[in-house]
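> Submitted below is the structure of interest, expressed as structure tokens.
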Amino acid sequence: MENKNDLILEVDHLTVNYELEDETVEAVRDVSFKLGRGKTLGLVGETGAGKTTTALSILNLIPDPPGVIKGGTIKLDGENVLEKTIKEMSRIRGKEVSMIFQDPMTSLNPVFTVGDQIAEAIMIHEKLDKKAAFEKAQEMLQIVGIPGERAAEYPHQFSGGMKQRVVIAIALACNPQLLIADEPTTALDVTIQAQVLDLMKELKKKYGMAMILITHDLGIIAETCDDVAVMYAGKIIERGSLEEVFNTARHPYTEGLFNSLPNIAERKERLKPIPGLMPDPTKLPKGCAFAPRCPYAKPSCIDVMPEERHFGGTHYCSCNAYDDESFHLEREDIVL
Amino acid sequence: MHRYVIKRILLLIPVIIGVSFMIYFIMDLAPGDIITQLVGEDASEEQIAALQHEYGYDRSVFYRYGKYMLGLLHGDLGTSYITKKPVWDMYITRLPKTFWLAIGASVVAIGLSIPLGIVSAVKSGSLIDNSCMVLALLGLSMPNFWLGLLLIIEFSLNLGWVPSGGFRGFSSVILPAITIGTGHMAVMTRTTRSSMIDVIRQDYLRTARAKGVSEHKVITKHAFRNAFIPILTIIGGQLCAGIGGAVITESVFSWPGVGRLIIDYVHQRDVPVVTGSIIMTTIITGVIHLAVDLLYAVVDPRIKGKYSRKGLRLAPRVKTKRGAA
């Protein structure tokens, strides 16, 4: 395990609820993970699994109301961000931690030039005057592959991929130590996806920052990440290094995710989707939330909350099936 | 942009023709005319006939309208039947007073409603929000003549701080401006609130917060600029209504404005004064609306493209492609 000083982020027992008038959505339930400096963590899961909520908690940006961080700690560089004042928090946002959002079409303010929007972050954190900040903004644009003179243009004059580059430029303007990318390529078409991913990988290497990459695309994870955490119904059900999770998946849900990928070699084979839907987050079962869809589930799984087990190295998995020591998944030990 | 402005100004011509035509005919349909105003009850047939001939009332309304419009074509707004003065002179002496009142009312309305609307939107559903909405409703439902009278009683009669009526410099604008402004405030507060609520949920505010912008700036800079267009529309509309004259408030405060000019001469069936004043109001209204439309483009750059002949520039100039592309 890494030394404490090597960790940029340490999330412990994070629990976030959305408290509505007559019901409570348990969006994130007792989530813990660690991220080393300069490392990339892939956060995988279906829509509604709590990936974005987890990410927003790190910036303390959960929309409140209705979002409430019920418990846990988020240590950024050893300091708990949940105890920071509003003022301290706005010094961290954009400077220590930056975030890229899913939809570049709506992430930029339509009434300000892209240059001003990048320069704003620089002015806040680096105390530069307007002119110097704008010049730096132009440099940032060039770094993400957009001619600097286009800084004076407005977001509607850019294409989707270009806008996402601008969003990346804003996020990287102050050299953050941690970049959270929330499905940065989901809204882009495939050719642009590759460009944007390559750009992010290149910049990550250049600036040596750590990254949390939220996605439901296992291919992107395989290409970009060092560590993987799989989320289901607000919990991390399996985590470990890329090799551990991809080669020796332990959780039936993770297995289901891999099985539902199309197999290019066997084109005639049908897709094997995971049957059923994720449970209603307002009415989660007492035990394992995946049990109703799990092919290995026993009746007791519904009632017993699985403990997180250690499978060697950095590999952890929460599944009751491993109570039986002889249990193993059908798909095992696949070498990518 | 220039083409757009010229087009909009040219479009005023049919509007002026339509407005003046309607005024002329409605005035003609109304019972009584200028002749009965000018002569006593015991006037002889000959006197009446002579006057009718003088003012063109022995011929059809179309003749009088045509003659008036011919004058208008030469820039002549007509001459008052009663005072025999040019309508332009009568209007232009009243306009500054009405103008100051309209500006004053807008300042009161904007100054109150924008902060109230923003606070309501940010604290939507809270006690503050509900209080603001009650205040806005109160402003809307309070009749102007009643509020005006209350203000006069308290601030002119009891406290003696400001004059109760007439136009005597800045201090006399305060009470009528508050009277009109509170009515406007109600509409504007509600517009600001709903417009801000729409914007507050936008993703780009999250982007702004994520880069460390303070909450205060997120709301006043990033959100408000986007919420401003509907508010601008209301401001323009209310300014126009103010320039047209606030008849009731002007009456309560004996304000020598355009509203009272028009209503006084409607009673006396002085068609040129009424028509000329309303044509002027139409022109000013048209210009204010044009200014508002041009301001849209300043507030929101996406609108700018729509004013140019080429439309939105979707393919921006890209000379070189550098970087990781």
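The values are calculated or read from the model by the stated rules, or taken from the named source; none is laboratory data. Here the structure is a predicted model, which means the values were calculated and not measured. Note that each Cβ is placed from the backbone with ideal geometry, even for glycine, and that neighbours are counted across all protein chains shown.
> Among the residues of the range B:70-97, count how many are β-branched (Val, Ile, Thr) and modelled with pLDDT of 90 or more.
Of the residues in that region, 3 qualify.
> Given the criterion of a type in the set (Val, Ile, Thr), in the same structural domain as B:Asn130 (by TED's automatic domain parsing), modelled with pLDDT of 90 or more and not in a helix (DSSP H, G or I), identify the matching residue among B:Val199, B:Val213.
Unique residue meeting the criteria: B:Val213.
> So, restricting to helices (runs of 4 or more DSSP H) that lie completely within the range A:202-321, which ones have at least 2 residues that are aromatic (Phe, Trp, Tyr)?
Counting at least 2 such residues, we get A:252-259.
> Let me ask something else. Please identify the pairs in which a residue from the range A:61-75 that is touching a residue at least 40 places away in the same chain (Cβ under 8 Å) has its Cβ atom under 7 Å from the Cβ atom of a residue that is surrounded by fewer than 15 Cβ atoms within 10 Å (Cβ to Cβ) and not in a strand (DSSP E or B), counting only partners at least 6 apart or on another chain.
A:Pro66/A:Leu20
> For residues that are assigned to a helix (DSSP H, G or I), crowded, with 22+ Cβ neighbours inside 10 Å, of a type outside the set (Ser, Thr, Tyr) and modelled with pLDDT of 90 or more, tally how many sit in the range A:93-119.
Summing the residues that are assigned to a helix (DSSP H, G or I), crowded, with 22+ Cβ neighbours inside 10 Å, of a type outside the set (Ser, Thr, Tyr) and modelled with pLDDT of 90 or more in the range A:93-119 gives 5.
> Give the residues of the range B:68-88 that are surrounded by 13 or more Cβ atoms within 10 Å (Cβ to Cβ) and not hydrophobic (A, V, I, L, M, F, W, C), sorted by residue number.
Selection gives B:Tyr68, B:Gly71, B:Asp76, B:Gly78, B:Thr79, B:Ser80, B:Tyr81, B:Thr83, B:Pro86.
> Just the residues that are of a type in the set (Ser, Thr, Tyr) and assigned to a helix (DSSP H, G or I), please, taken from the range A:56-85.
Selection gives A:Ser57 alone.
> If you don't mind, there's one more thing I want to ask. Considering only residues that are at pLDDT 70 or above and surrounded by fewer than 17 Cβ atoms within 10 Å (Cβ to Cβ), look in the range B:305-325 and name the one that is nearest to the other protein chains (Cβ to nearest Cβ).
Once the filter is applied, the top-ranked residue is B:Gly305.
> So which residues in the range A:163-220 are among the charged types (D, E, K, R) and buried (at least 24 other Cβ atoms within 10 Å of the Cβ)?
A:Arg165
> Which residue, of B:Ile48, B:Ile82, is in a helix (DSSP H, G or I), among the β-branched types (Val, Ile, Thr) and touching a residue at least 12 places away in the same chain (Cβ under 8 Å)?
B:Ile48
> Okay, moving on. So how many residues does the range B:197-215 have that are touching a residue at least 60 places away in the same chain (Cβ under 8 Å) and either in contact with a Ser or Thr (Cβ under 7 Å, 6 or more places away or on another chain) or more than 14 Å from chain A (Cβ to nearest Cβ) (or both)?
1
> Okay, next question. Taking the residues in the range A:86-119 that are out of contact with any Phe, Trp or Tyr (no Cβ under 8 Å at 6 or more places or on another chain) and free of Cβ contacts under 8 Å to residues at least 40 places away in the same chain as candidates, determine which candidate is farthest from the other protein chains (Cβ to nearest Cβ).
Per the stated criteria, the residue is A:Glu88.
> Which residue is nearest to the other protein chains (Cβ to nearest Cβ), if the candidates are limited to the range A:134-166 and must be of a type in the set (Val, Ile, Thr) and over 17 Å from A:Met209 (Cα atoms)?
Once the filter is applied, the top-ranked residue is A:Ile146.
Results for (1) among the β-branched types (Val, Ile, Thr); (2) in contact with an Asp or Glu (Cβ under 9 Å, 6 or more places away or on another chain); (3) at positive phi; (4) surrounded by fewer than 16 Cβ atoms within 10 Å (Cβ to Cβ), shown as yes or no for each residue.
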| site | (1), (2), (3), (4) |
| --- | --- |
| B:Ser131 | no, no, no, yes |
| B:Leu150 | no, no, no, yes |
| B:Val187 | yes, no, no, no |
| B:Tyr204 | no, no, no, no |
| B:Ala210 | no, no, no, no |
| B:Ile219 | yes, no, no, no |
| B:Arg225 | no, yes, no, no |
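> Also: Please specify each residue of the range B:112-129 satisfying the condition of being without any contact (Cβ under 8 Å) to a residue 60 or more places away in the chain and more than 18 Å from B:Ile200 (Cα to Cα).
B:Leu127
> Could you list, in sequence order, the residues of the range A:270-300 that are more than 22 Å from the chain's Cα centre (by Cα), closer than 21 Å to A:His216 by Cβ and charged (D, E, K, R)?
A:Arg270, A:Lys272, A:Arg293
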